[in-house]
Amino acid sequence: MKYAYGVMLLAGSFVQQDKARAARFIREAAANGPREAQWASGQMLLNGEGIPQDKCEALSWFRKSVEWRDPEIEFAHIDARYRREDLGHGNPVEQLSLGKMIRADLLRGDPGEDALWFQKAVERFREWGEKFKDCESQWYLACMYRDGVGVSQDNDMAIQWFRKAAQDGEWRVYSLEARLELGIMLRNSRGAFQNRWEGTKLLCGIAFQRQRPELKRRAISELKRT
């Protein structure tokens, strides 16, 4: 309840916005979980939102959040296919975010800590992507290979994982993202990775969908390129 009320105060949703009170309620909730409250506490301390900026304490809360070990926890992208023993090993999306913040010097972590969180994120994304065909995990892993974040840059692996996300997710949110990125890579890659016909076909599909207007605009922009 405290966390939910803190979020309402922070956003000014149904109550008058008060970031200082929001920070107090969210931090009180974070003392014993939930994970979301711990992550939110870290963000508010990092940004100095409703509370004086403190990057050291922010890092402490971020670490608690990504190390959360509650077997009852359910992440937003997990559905009934997941068993309880597969949960409670830390949220890989937050592990990836924490690694990026440390690498970008937004937070001062321990030596090599960014690589540690990247490794944990890759392991969970790969496990969920292969074992449960989780579209979101497949998409994140593809992006990591495409951008060389936490892994060696590898277009072949990126294309493989984008393709899995595009196929396994049908027309879910991350499936649309994957189809767009896969289309762009296939059109713009060089050598063995290039397949302009397939890439164009994927982009045309995104251009005609109505679920995500912003993806539609990007697809049309890419198709206009020679």
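The values are calculated or read from the model by the stated rules, or taken from the named source; none is laboratory data. What you see is a predicted model, and the numbers here were worked out from it, not measured in a lab. With ideal geometry, Cβ positions are generated from the backbone for all residues, glycine too; neighbour counts draw on all protein chains shown.
Miscellaneous remarks
- Pairs, first under 16 Å from Ala158 (Cα atoms) and touching a residue at least 12 places away in the same chain (Cβ under 8 Å) in the range 120-139, second among the basic types (Lys, Arg) and assigned to a helix (DSSP H, G or I), C-beta under 7 Å, six or more apart: Gly129/Lys164; Gln138/Lys164
- Hey, Ala158 of a type in the set (Gly, Ala, Ser) and out of contact with any Ser or Thr (no Cβ under 7 Å at 6 or more places or on another chain) or not: yes
- Tallying residues that are in contact (Cβ under 8 Å) with a residue 12 or more places away in the chain and surrounded by fewer than 15 Cβ atoms within 10 Å (Cβ to Cβ) within the range 171-191 yields 1.
- Any chance Ala219 is crowded, with 21+ Cβ neighbours inside 10 Å, farther than 26 Å from Trp117 by Cβ, in contact with a Leu (Cβ under 8 Å, 6 or more places away or on another chain) and at pLDDT 95 or above: yes
- Total residues in the range 127-159, condition in a helix (DSSP H, G or I) and surrounded by fewer than 15 Cβ atoms within 10 Å (Cβ to Cβ): 4
- Of all the residues in the range 1-55, those that are polar (S, T, N, Q) and outside any loop (DSSP other than H, G, I, E, B) number 4.
- When Ser65, Ser60 are screened for being surrounded by fewer than 19 Cβ atoms within 10 Å (Cβ to Cβ), within 26 Å of Arg108 (Cα to Cα) and either within 23 Å of the chain's Cα centre (by Cα) or modelled with pLDDT under 90 (or both), only Ser60 passes.
- Within the range 2-14, residues that are without any contact (Cβ under 8 Å) to a residue 60 or more places away in the chain have Cβ atoms under 8 Å from residues that are among the β-branched types (Val, Ile, Thr) and buried (at least 20 other Cβ atoms within 10 Å of the Cβ) in these pairs: Lys2/Ile26; Tyr3/Ile26; Gly6/Ile26; Val7/Ile26; Leu10/Ile26, counting only partners at least 6 apart in sequence or on another chain.
- Pairs, first of a type in the set (Gly, Ala, Ser) and crowded, with 22+ Cβ neighbours inside 10 Å in the range 85-110, second at pLDDT 90 or above and not in a helix (DSSP H, G or I), C-beta under 9 Å, six or more apart: Gly99/Gly109; Gly99/Val149; Gly99/Gly150
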